[in-house]
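Asks: One structure, pasted below without further comment.
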Amino acid sequence: MGAEIGVGRVDEFTGQLWKIWKRLRDEGIHQRLHLGLFRSDYLLHSPEKGGPVSLKQVEFNTISSSFGALSENVSKLHRYLALSTEYFNSSPFLTLKNLPRNDTIAGLADGLAAAHEAYDSPSAWILFVVQAGERNVFDQRWLEYELLEQHSIRVVRQTFDELATSAEVVPGSRILRVKLPGLLPRGAESVEISTVYFRAGYTPRDYPTLAQYRTRYVLESSVAIKCPTIQLQLAGGKKVQEVLTQGDTLSRFGQGLDLDALRSSWMGMWGLDKDGDYGVRRAREQADKLVLKPQREGGGNNVYKGDIPGFLDTLPAGEREAWIAMELIEPPDTGNYLVRAGSGTEGAVKTEVVSELGVFGYALFGPRRPIEEQEVGWLLRTKGKDSNEGGVAVGFSVLDSLVLVD
């Protein structure tokens, strides 16, 4: 992932993040604790029609893992409909006992509260770093309400551009303070920040100029606990996911785990820069069963199947290092109804769909502290089987609920 040797050499976004981490390391600035609000995404895999079904990992998200709050509310909606209408007896499976509870909001807020408590300054606030004109604000607000009502922790929301003038790191103590003139009681001008929660910063669009990278450095240089730190964000890169599948790499980090079971959840992957032209040649030969992934989050970035050969024709050899090839997960056939807003039941279309399960969890860890971790909830996204991408915010899929059947 490095800027001199690695993905960051040909991917400016990854390279800029790497340079910030390297600068912090060279300056002797270390993170006492790391907080991750993670989401691991899975699809059912059944390569043979009617054959055995297994669970395969799509990716592991380390920054801005979204839709936890909204997925909980969708789950509550479906449970309410089961309780109030019994779904008009349309299916014996649509019962309240088959619709599991989803308490993601409380769980994710518990993770942020754990970091706040570990910081050990009760009057400090949590900073949400958000995008300008945030479209996903309602998913974030539920966490803000939970933190205030259940943990008495206040939240301030600011963009990178706002933080360029409002954020300061106190010399010596490296305490992060955010100026909020005229907005605080008793004449206070600024608040101390215990935890920085990044709901922005995962895409190059959040860094249109070097100024935003400079602001990211300022935040990272403080003693506030970051969710995630810049190195934890880099660890979630697709290249890291691919490298972990190679040889004995996983054995270096998975002591005490069932490594064979973990490996069985992964599809085959390789870098396009593997062994000269071999990675690209192999991708051409297997294109109909592959997806190509860059080091990006947020949906809409991948290249699928029939589009791969043409893409490879235009990809400069020097940029191959930034891409990985991954074998496509092949979900079993599942029928369902899709309803477009405003179309009513008459507009329902029965079609083949694919559902992707995301499992949320948090981990708070550091060099001299036992890992505090917890699984906290889930997300289900459903889309038409012909749609390659799976993002909700970009319009490829919808939030859904699990139905558990024995």
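Asks: Can you tell me how many residues within the range 128-155 are surrounded by fewer than 19 Cβ atoms within 10 Å (Cβ to Cβ), in contact with a helix residue (DSSP H, G or I) (Cβ under 9 Å, 6 or more places away or on another chain) and farther than 13 Å from Arg199 by Cβ?
Replies: So the answer is 4.
Asks: Name the residues in the range 247-271 that are of a type in the set (D, E, K, R) and in a loop (DSSP other than H, G, I, E, B), would you?
Replies: Of all residues in the range 247-271, those of a type in the set (D, E, K, R) come to 248, 252, 258, 260, 263.
Across the range 247-271, the qualifying residues are Asp248, Asp258.
Asks: Continuing with this model, one more query. For the condition out of contact with any Pro (no Cβ under 7 Å at 6 or more places or on another chain) and surrounded by 18 or more Cβ atoms within 10 Å (Cβ to Cβ), what is the one hit in Leu272, Leu257? Don't jump to the end; show me each part of the working.
Replies: Working: Leu257 fails: surrounded by 18 or more Cβ atoms within 10 Å (Cβ to Cβ).
One residue alone meets the criteria, Leu272.
Every residue, every condition in (1) buried (at least 21 other Cβ atoms within 10 Å of the Cβ); (2) among the aliphatic types (A, V, I, L, M), yes or no:
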{"site": "Arg9", "(1), (2)": "no, no"}
{"site": "Phe13", "(1), (2)": "no, no"}
{"site": "Leu17", "(1), (2)": "yes, yes"}
{"site": "Lys22", "(1), (2)": "no, no"}
{"site": "Gly36", "(1), (2)": "yes, no"}
{"site": "Arg39", "(1), (2)": "yes, no"}
{"site": "Ser46", "(1), (2)": "no, no"}
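Asks: Looking at Leu315, Leu379, Leu364, can you tell me which residue is hydrophobic (A, V, I, L, M, F, W, C) and farther than 27 Å from Leu232 by Cα? Show your work before the answer.
Replies: Numbers: Leu379 fails: farther than 27 Å from Leu232 by Cα; Leu364 fails: farther than 27 Å from Leu232 by Cα.
Answer to the check: Leu315.
Asks: Name the single residue that is farthest from Glu117 (Cα to Cα) among those in the range 166-201 being out of contact with any helix residue (DSSP H, G or I) (no Cβ under 7 Å at 6 or more places or on another chain) and of a type in the set (Ser, Thr, Tyr).
Replies: That would be Ser166.
Asks: In addition: Condition (residue is out of contact with any strand residue (DSSP E or B) (no Cβ under 9 Å at 6 or more places or on another chain), at pLDDT below 95 and either within 30 Å of Glu242 (Cα to Cα) or assigned to a loop (DSSP other than H, G, I, E, B) (or both)) applied to the range 146-154: is it met by at least one residue?
Replies: Here is the first cut: in the range 146-154, the ones out of contact with any strand residue (DSSP E or B) (no Cβ under 9 Å at 6 or more places or on another chain) are 146, 149-152.
Add one more test, that the residue is at pLDDT below 95, and what stays is none.
No - not one qualifying residue is present in the range 146-154.
Asks: Which ones in the range 335-350 are among the β-branched types (Val, Ile, Thr) and surrounded by 13 or more Cβ atoms within 10 Å (Cβ to Cβ)?
Replies: Val339, the sole residue that qualifies.
Asks: Follow-up question, since we're still on this one. Being closer than 19 Å to Leu43 by Cβ and surrounded by fewer than 13 Cβ atoms within 10 Å (Cβ to Cβ), is that true of even one residue in the range 313-333?
Replies: Yes, the range 313-333 contains a residue that is closer than 19 Å to Leu43 by Cβ and surrounded by fewer than 13 Cβ atoms within 10 Å (Cβ to Cβ).
Here is a yes/no grid of residues against (1) modelled with pLDDT of 95 or more; (2) buried (at least 20 other Cβ atoms within 10 Å of the Cβ):
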| site | (1), (2) |
| --- | --- |
| Glu192 | yes, no |
| Thr195 | yes, yes |
| Ala200 | yes, yes |
| Leu210 | yes, no |
| Arg216 | yes, yes |
| Leu219 | yes, yes |
| Cys227 | yes, yes |
| Ile230 | yes, yes |
| Lys238 | no, yes |
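Asks: Within the range 169-185, take every residue that is of a type outside the set (Val, Ile, Thr), in contact (Cβ under 8 Å) with a residue 24 or more places away in the chain and surrounded by 14 or more Cβ atoms within 10 Å (Cβ to Cβ) and give me the one that is farthest from Arg199 (Cα to Cα).
Replies: Within the range 169-185, the subset of a type outside the set (Val, Ile, Thr) is 171-174, 176-177, 179-185.
Next cut, in contact (Cβ under 8 Å) with a residue 24 or more places away in the chain only: 173-174, 176, 180.
Cutting the leftovers down to surrounded by 14 or more Cβ atoms within 10 Å (Cβ to Cβ) gives us 176, 180.
On the way: Leu176: 18, Leu180: 20 Å.
If we take residues in the range 169-185 being of a type outside the set (Val, Ile, Thr), in contact (Cβ under 8 Å) with a residue 24 or more places away in the chain and surrounded by 14 or more Cβ atoms within 10 Å (Cβ to Cβ), then Leu180 is farthest from Arg199 (Cα to Cα).
Asks: Related question: Test each condition in (1) closer than 26 Å to Arg177 by Cβ; (2) out of contact with any Ser or Thr (no Cβ under 6 Å at 6 or more places or on another chain); (3) part of a helix (DSSP H, G or I) for Glu134 and report the one that comes out false.
Replies: Failed condition: (3).
Asks: What strands (runs of 3 or more DSSP E) lie completely within the range 296-377 and have 1 or more residues being among the hydroxyl-bearing types (Ser, Thr, Tyr) and within 30 Å of Tyr197 (Cα to Cα)?
Replies: Values: elements: 324-327, 335-338, 349-366.
Output list reads 349-366.
Asks: Please go through (1) surrounded by fewer than 16 Cβ atoms within 10 Å (Cβ to Cβ); (2) over 30 Å from Gln233 (Cβ atoms) for Arg79 and return the number of the only condition it doesn't satisfy.
Replies: Only one criterion in (1) surrounded by fewer than 16 Cβ atoms within 10 Å (Cβ to Cβ); (2) over 30 Å from Gln233 (Cβ atoms) is unmet by Arg79, namely (1).
The values are calculated or read from the model by the stated rules, or taken from the named source; none is laboratory data. This structure is a prediction, so every number in the text was calculated from the model and none was measured. A quick note on method: Cβ atoms are made from the backbone with ideal geometry, for glycine too, and the neighbour counts reach across all protein chains shown.
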